[in-house]
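Only the coordinates and a few stated rules stand behind these numbers; no lab work does. The structure displayed is predicted, hence computed values, not measured ones. Please note: Cβ atoms are built from the backbone with ideal geometry, for glycine as well, and neighbour counts cover all protein chains shown.
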Amino acid sequence: MAYFEARGITKFFGGLAAVNGVSFKVEQGQIYGLIGPNGSGKTTIFNLINAYFPLTKGSIRFEGKRISGLKTYQICRRGVGRTFQVVKPLKRMTVLDNVIASAFLHADSKAEAVEEAKATIEFCELTLYQDKLAKSLPIASRKRLEIARALATKPKLLLLDETAAGLNPSEVEGAIALIQKIRESGVTIIIVEHIMKVIMTISDKILAINHGMVIAEGSPEEVASNHSVIAAYLGEDYSAQS
């Protein structure tokens, strides 16, 4: 039995199939990459997993139990956390208070929430910023705050949506190191990322989609050399030459 499994998940918006019959499995402890051109349906898949959008068809199971049909907060309580491509912290609150708000999902008291939040902030190397307003942070630190807020919900499975987008090369290296540290802490990860250095460096397995459908799945090396993937990113003419 897979740790996480999506079975034929489909999402129609009117007559448009944003995601069409996508199936994949993720084993516990993996970093599973999800790639595809802009508009291919990657973030929609995340929105289906955490019930931001309802499924049109299909099912999603986590730890052997069906989670499709549950509310978003119920899925989070089950242990599925996520970040968002466009980070939206509580701008007028401090970094610490942002993370405390997430920690209250499981904390029984404010003291427990504060303790959990401080530990998470330290894990994400944001301690120097914890008393600063979230709106004052540079982009790399805002990305880390987004991860910290998700980690404070104590996820077993974490969905990371373009964590490295907008970062400079040294910040990308830092993002890779943080993602690997999260996996080493025991969290399984599904990651959407456009920066190929990130996805190819950290992923155990990759699913490539285009127009809402699966075009390839396999190791980073297998997916990178797949003609359908090359065509989706670079065009049919380039694929024919490769």
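Work out how much length K197 to Q180 would gain on full extension: take 0.36 nm times their residue separation and subtract the Cα-Cα distance, in nm to one decimal.
Length gained, K197 through Q180: 4.7 nm.
For a quick check: sort F24, F12, F4 by the number of other beta carbons within 10 angstrom, fewest at the front.
By the 10 Å Cβ count, ascending, the order reads F12, F24, F4.
Given K181/K205; K42/K197; K65/K154; K91/K132; K57/K156; K154/K181, which pairs have Cα atoms separated by over 22 Å?
K57/K156
Starting from the Cα-Cα distance between Y233 and N38, subtract it from 0.36 nm times their residue separation and give me the gain in nm to one decimal.
69.3 nm
Among E27, E146, rank each residue by its count of other Cβ atoms within 10 Å, from fewest to most, as a rough exposure measure.
So the residues, fewest neighbours to most, are E27, E146.
Please work out how much length the chain gains when fully extended from E122 to K135, using 0.36 nm per residue of separation minus the C-alpha to C-alpha distance, in nm with one decimal.
Gain in length upon complete extension: 2.8 nm.
Ranking F104, F13 by Cβ neighbours within 10 Å, fewest first, what do you get?
F13, F104
Mind checking which of V114, L128, I100 is farthest towards the positive end of the stretch 96-145's charge dipole, using Cβ charges of +1 (Lys, Arg) and -1 (Asp, Glu) about the Cα centre?
Going by the charge dipole, the pick is L128.
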